[in-house]
Amino acid sequence: MREMRKANRRRDAEWALEVFDKAPYVTVSMVRPDGVPYGLPLSLVRGDARTFYFHCADEGEKIDCLKHNPVVSLSAVSKCTPKFEEEKNNFTEYFHSAVAVGRAEFVSDDAEKIEALRLLCQRFLPKYMDHFDEAIERSLGRTTIVKIVLTEPAVGKCKP
């Protein structure tokens, strides 16, 4: 029984990661230095089963938040379909959602920054990869890459 629960958690985590992969945006929630919650939708890409990346400018509110407290929560919805079930006279919503908790770190290694940017471009703008190297030469030095390493397995929920 214990092994079955462990296998189900692994499968659930894999399914939840697929939700993150399919979601156009992932809400990253953090805490401002004054303790006020701060969340915003970002374009994230997954590097592996525990690692996500996003890029941003080198200053701003999210940078201040992450420097103060690197713990973040991720949430995503990859499917959301409101529905009226006539046979039940019921309003409902069909969805696929996922949440995860992680720790953000700023990437300083150029090779890892380039790989993260490559993953982001391949996910969101694959038709323009022939311009990638030129863009890297022009803007790598002024682009901040944040890596989020999950500290707990991702979990998902759905109503098919």
Quiz item: Given the conditions (1) farther than 24 Å from Ala49 by Cβ; (2) without any contact (Cβ under 8 Å) to a residue 60 or more places away in the chain, and given that Thr143 satisfies all but one, which numbered condition is not satisfied?
Solution: (2)
Exercise. Return yes when Phe52 is farther than 30 Å from Met129 by Cα, hydrophobic (A, V, I, L, M, F, W, C) and in contact (Cβ under 8 Å) with a residue 40 or more places away in the chain and no when it is not.
Key: no
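Residues are listed down the side, and each one gets a yes or a no for (1) of a type in the set (Val, Ile, Thr); (2) in contact with a Pro (Cβ under 6 Å, 6 or more places away or on another chain); (3) at pLDDT below 95:
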{"position": "Glu59", "(1), (2), (3)": "no, no, yes"}
{"position": "Ile63", "(1), (2), (3)": "yes, no, no"}
{"position": "His68", "(1), (2), (3)": "no, yes, no"}
{"position": "Leu74", "(1), (2), (3)": "no, no, no"}
{"position": "Leu117", "(1), (2), (3)": "no, no, no"}
{"position": "Asp133", "(1), (2), (3)": "no, no, no"}
{"position": "Pro153", "(1), (2), (3)": "no, no, yes"}
Quiz item: Is there any pair with a first residue in the range 55-73 that is among the β-branched types (Val, Ile, Thr) and crowded, with 16+ Cβ neighbours inside 10 Å and a second that is assigned to a helix (DSSP H, G or I) and modelled with pLDDT of 95 or more whose Cβ atoms are under 9 Å apart and which are 6 or more apart or on different chains, and what are they?
Solution: Val72/Cys65; Val72/Leu66
Quiz item: When the residues of the range 22-44 are filtered to those that are in contact with a His (Cβ under 8 Å, 6 or more places away or on another chain) and among the charged types (D, E, K, R), which remaining residue is farthest from Gly102 (Cα to Cα)?
Solution: Lys22
Self-check item: Qualifying positions in the range 111-151 - among the acidic types (Asp, Glu) and part of a strand (DSSP E or B)
Solution: none
Quiz item: Restricting the range 74-115 to residues that are touching a Leu at 6+ places or on another chain (Cβ under 8 Å) and over 28 Å from Asp12 (Cα atoms), which is surrounded by the fewest Cβ atoms within 10 Å (Cβ to Cβ)?
Solution: Asp110
Quiz item: Can you name the strands (runs of 3 or more DSSP E) wholly within the range 12-110 that have at least 1 residues being charged (D, E, K, R) and in contact with a helix residue (DSSP H, G or I) (Cβ under 9 Å, 6 or more places away or on another chain)?
Solution: 45-48, 71-85, 90-106
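The values are calculated or read from the model by the stated rules, or taken from the named source; none is laboratory data. Quick caveat, the model's predicted, so the values are computed rather than measured. Quick reminder, even Gly has a Cβ in these numbers, built from the backbone with ideal geometry, and neighbours come from all protein chains shown.
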